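**Q** Have a look at this one before I ask anything.
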Amino acid sequence: MPLVQAFVFAAIGGVFGVGVTVAGRVLTGREAWSLEPVVTVGYIFALLGWLLGIGVWDQWAREWLGLPVEHRQHRGWARYFAFTTDHKVVGVQYLVTFVALFLLAGLLAMLIRIELMAPGMTFMGLGTYNQVMSLHGIVMVAVAVATIIGGLGNYTVPLLIGAEDVAFPRLNALSYWLVPPVAILLIGTFFTGGLDTGWTAYPPLSDVNAAGQVLFNLAVITFGLSSILGGLNFLVTIATLRAPGMGWGRLPIFVWSIFAASLISLTATQFLAAGLMMILFDRLLGMAFFRASAGGDPLLYQHVFWFYSHPAVYIMILPGFGLALEVLSHFSRKPLFGYRLVPGGFIAIVVLSFVVWAHHLFTSGMSDALHGPFMVTTELISIPTGLVFLSALGTLWLGRLWLTTPMLFGLAFVFNFLIGGLTGIYLADVPTDIHLQDTHFVVAHFHYTIVGGEIFALFAGIYYWFPKMTGRMFSERWGKVHFWWMFLAYHTTFIPMFWAGIHGMNRRVGDYPAELGDVNLFISVAAFVMGGSFVVFTANVVWSWVRGPRAVANPWRAHTLEWQVASPPPIENFPATPVVVGSPYAYGVPGAVHAVLTTAPAHTPAASGGAQAEPAGPALAADSA
Amino acid sequence: MVGRGRKHALWVALLWITLTVAGEAVVLTFDVLPPVAAEEGRVVDAAFRLLTILGMPVFTFVVAVLVYSVLVFRSRGTPEQDGPPLVARPLIAGAWLVATSALSIYVIINPGLTGLAELRTHREPDVVVQVEGSRWQWKVTYPRQQVTSNKELVLPVNKHVRFDVTAVDVVHSFWIPSFRMKIDAVPGRVTTVHVTPTQTGTEAQDFNLRLVCAELCGLGHSLMSLSVRVVEQADFDRWVSSARTATAADGERQQALAGSRS
């Protein structure tokens, strides 16, 4: 069992790291035991041990020493618990892990709402509240960063571009196996004094609080590494492994969105890691980046942090845009409207996302001269974002709307993100932001963009590709129950939060004035109802995965490549490299073909001109109709 | 096809206008903002209302197209046919870009830059208050009056007040919701915020007349709040003289304490 080996190696590494630190401290005349340095060095070696144990040694590192590499590929269920390089397995690993984390952090949200049902500390203490709220925040941020890209992206991008796998399959497996240590560290914060700074970890508070902060920083730095490697892998995969004929002008829009998001993952995540490392240096080495009393500047961290963390919201939402547009086109039975404009919009968003960060600092006390420029750049982002709406609405226009569960989630995305986008203008505008910053208005706004936007898109994607990934159909009826239940409860929960924020409800508080009791009780009850919708989702997905009816290759009669192979696809994806000859969205265009697939690996289809007359997409679609 | 498209477009336009009129009526009738008690807060509220009025047609346009499409273009069961392969003609894409850019740039200018300019024009303050945040309480000092308090923040009505805000330990944030004004209290820095209270009142009358911490600062963050009382100038002077005695007594006590230690 690679998992057992990983834990054993991690334990050996951890003990070694702890031993080295204690020995080093004794030799330099310090007190032998100090929790924070010991944990930090211990963790670094435990992480190395964990990675070597899970498969890096057997399948990779031996190569560096000239030893034969063991290409042990597990079969059946075991491959999901091993260092598996198949992108489809990695995708499912990511998806299941992060949906489980989403449900877990959702339970933490329920605990938060229990506490906020009434003014006063009624359910947990102030310290516990801060920990629960902080953990909810950071886990959900991780879910938002990794679930679509790591889960659906890994599974579908190679299929959508006609490739056999990602460019660096072992790096891909490594990206995933960096995640379990992150989860263990975050849980570990509860046993080391807890994390009470929220996911933003502003110093000097994070310089002086309990040791849980150190575990948090190590966890997020590790997660950042995973995110950087993932971004690199997607960029190289999309740039180099597209099937013949799959030009940039024929890429499915979801692939474009993953490409744009990966540009940010690869180039911005380092800043978050740097900020968190500076906190570690302040704590462990007595440096003073952020301690004002020793000449440091707390605002420095806020700039470095948001230089990553604002682009990061586009890591979250760009794949949501791509996924929603993908689904809207297939289920409107129409070409994606303005297909050539949308990638331009994505790239414009990527560029602009790097020059808007200081709108998080309008009330921070930074120089007044920065307010105007950052307000301008922030509000300009609405222009490329508007192209996404043009594309969505133009795609629906005069279409044949097939209101399946994925389509309902795709449509809801447009509505929800509209509210998220419009309320964002109040926060980009300096005068209104001065009042609304750090209130529940902000909480409502980012839950509209990330939950209403990205998470609704995620569910669209999960239902859309469920037949492809599992080879089984989900229950359409229970899918629709989940949709309407979640959609209605979601709006009932978050609309009143705008009101609460405007009316004086600040963020990250467990207690609040009695006058805000009614609105909070209302929000809490709605939130509990919303929580219930995920029981329906989980039951439907689990039951369908085990007992659902077998899915045909192309139940949605979609044109893109992943639907032209069996459900689930064979290990090598395509029997022979497909040849792309047209748009992925040519619905309603007579005789249009996206790609030509040959079943015989012996023939290279590039030369076979005759096969192109046969419309591969629709022909395969007819099998299922 | 074009003819049918035009008919649908007319219906959507009608739906859009109806929704916009209804939406603007709701926005102009019901005020979502709580009572405001400072001149500067009125700038914030005006910007808020303008953004809502400007955002409404955008909201109703998307909703109109979305709702109309779902109701009219939906297919019962699996669609047998595909829809028409419409392309985004340069005219449509161009018009969309021009409209969204124009709106975006207008919003940047008004209420954005104009509101910012209004908030940045400061008069000479009539009263200066030094605010110091520490875990987990606020301390206010009136340097000209030589008064310090951590029980309440008392301000004279219709006087221009400048707050010099700082923190001793971690980042806090100075927020008085009824004034709409907020600025972080950062260790090692002094940040300023200007407020002109326009009416007398107490926290008991308006629960948002309180100085509350808006930046997570650890365990007691939720409880870090100081009552605000806006009074007539005469009452303010009376409060100053009584508080000065208390401050002086407090100072003497501390001096005595320091003396006994040394």
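The values are calculated or read from the model by the stated rules, or taken from the named source; none is laboratory data. This one's a predicted model, so the numbers in the text were calculated from it and none came from an experiment. In this analysis, Cβ positions are derived from the backbone assuming ideal geometry, glycine residues included, and neighbour counts consider all displayed protein chains.
**Q** One residue is enough: does region A:329-345 have a residue meeting the conditions under 25 Å from A:S206 (Cα atoms), within 13 Å of chain B (Cβ to nearest Cβ) and not in a helix (DSSP H, G or I)?
**A** No, region A:329-345 has no match at all.
**Q** If a residue has to be surrounded by fewer than 15 Cβ atoms within 10 Å (Cβ to Cβ) and either among the hydrophobic types (A, V, I, L, M, F, W, C) or assigned to a strand (DSSP E or B) (or both) to count, how many in region B:229-248 make the cut?
**A** Looking only at that region, the number is 3.
**Q** With the structure loaded, tell me whether A:G510 is within 14 Å of another protein chain (Cβ to nearest Cβ), closer than 26 Å to B:V44 by Cβ, of a type in the set (G, A, S) and in contact (Cβ under 8 Å) with a residue 40 or more places away in the chain or whether it fails that test.
**A** no
**Q** Next question. When region B:75-96 is examined, which residues are found to be over 19 Å from A:V589 (Cα atoms) and more than 7 Å from chain A (Cβ to nearest Cβ)?
**A** Listed by number, the residues that qualify are B:R76, B:G77, B:P90, B:L91, B:I92, B:G94, B:A95.
**Q** Scan (1) within 20 Å of the chain's Cα centre (by Cα); (2) within 30 Å of A:I523 (Cβ to Cβ); (3) not acidic (D, E) for the single condition A:M124 breaks and write down its number.
**A** (1)
**Q** Looking only at region A:1-55, count every residue that is surrounded by 14 or more Cβ atoms within 10 Å (Cβ to Cβ), among the polar types (S, T, N, Q) and either without any contact (Cβ under 8 Å) to a residue 12 or more places away in the chain or in contact with a Cys (Cβ under 6 Å, 6 or more places away or on another chain) (or both) and tell me the total.
**A** 1
**Q** Can you name the number of the only condition in (1) at positive phi; (2) touching a Leu at 6+ places or on another chain (Cβ under 6 Å) that B:G188 fails?
**A** It fails just one condition, (2).
**Q** While we're looking at this one, here's another question. Scanning region A:130-161 for residues that are buried (at least 24 other Cβ atoms within 10 Å of the Cβ) and small (G, A, S), which turns out nearest to A:M110 (Cα to Cα)?
**A** A:S134
**Q** Specify which of the listed residues (B:V36, B:V43) is buried (at least 18 other Cβ atoms within 10 Å of the Cβ), more than 9 Å from every other protein chain (Cβ to nearest Cβ), among the hydrophobic types (A, V, I, L, M, F, W, C) and touching a residue at least 40 places away in the same chain (Cβ under 8 Å).
**A** Going through B:V36, B:V43 in turn, the sole match is B:V36.
**Q** Would you say A:T237 is closer than 21 Å to A:L597 by Cα, away from chain B (no Cβ under 14 Å) and β-branched (V, I, T)?
**A** For A:T237, the condition - closer than 21 Å to A:L597 by Cα, away from chain B (no Cβ under 14 Å) and β-branched (V, I, T) - is met.
**Q** Could you check how many residues of region B:166-184 are within 8 Å of chain A (Cβ to nearest Cβ) and assigned to a strand (DSSP E or B)?
**A** 6
**Q** I would also like to ask the following. Only one residue in A:L411, A:L418, A:L390 is at the interface with chain B (Cβ under 7 Å from one of its Cβ atoms), touching a Gly at 6+ places or on another chain (Cβ under 6 Å) and either under 20 Å from B:P111 (Cβ atoms) or at pLDDT 95 or above (or both). Which one?
**A** On inspection, the qualifying residue turns out to be A:L390.
**Q** Return only the number of the condition from (1) among the polar types (S, T, N, Q); (2) within 14 Å of another protein chain (Cβ to nearest Cβ); (3) in contact (Cβ under 8 Å) with a residue 40 or more places away in the chain that A:T122 does not satisfy.
**A** (3)
**Q** Six or more apart or on different chains, Cβ under 6 Å: which pairs go from a residue in region A:160-182 that's in contact (Cβ under 8 Å) with a residue 24 or more places away in the chain to one that's charged (D, E, K, R) and part of a helix (DSSP H, G or I)? Could you list them?
**A** Taking only residues 6 or more apart or on different chains, the pairs are A:L160/A:E562.
Residue-by-condition table, conditions (1) surrounded by fewer than 18 Cβ atoms within 10 Å (Cβ to Cβ); (2) farther than 20 Å from B:K139 by Cα:
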| residue | (1), (2) |
| --- | --- |
| B:V195 | no, no |
| B:E203 | no, no |
| B:D206 | no, yes |
| B:L211 | no, no |
| B:L223 | yes, no |
| B:S227 | yes, no |
| B:D250 | yes, no |
| B:Q255 | yes, no |
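**Q** Sticking with this structure for a sec: Does A:S262 count as in contact (Cβ under 8 Å) with a residue 60 or more places away in the chain, surrounded by 23 or more Cβ atoms within 10 Å (Cβ to Cβ) and not β-branched (V, I, T)?
**A** Answer is yes for this residue.
**Q** Let me ask another. Going through region A:509-560 one residue at a time, which ones are in contact with a helix residue (DSSP H, G or I) (Cβ under 8 Å, 6 or more places away or on another chain), in a loop (DSSP other than H, G, I, E, B) and over 30 Å from B:A204 (Cα atoms)?
**A** A:G548, A:A551, A:V552, A:A553, A:N554, A:P555, A:W556, A:R557, A:A558, A:H559, A:T560
**Q** Related question: Of the residues A:G471, A:G452, A:G517, which is buried (at least 23 other Cβ atoms within 10 Å of the Cβ) and either under 30 Å from A:L325 (Cβ atoms) or out of contact with any strand residue (DSSP E or B) (no Cβ under 6 Å at 6 or more places or on another chain) (or both)?
**A** A:G452
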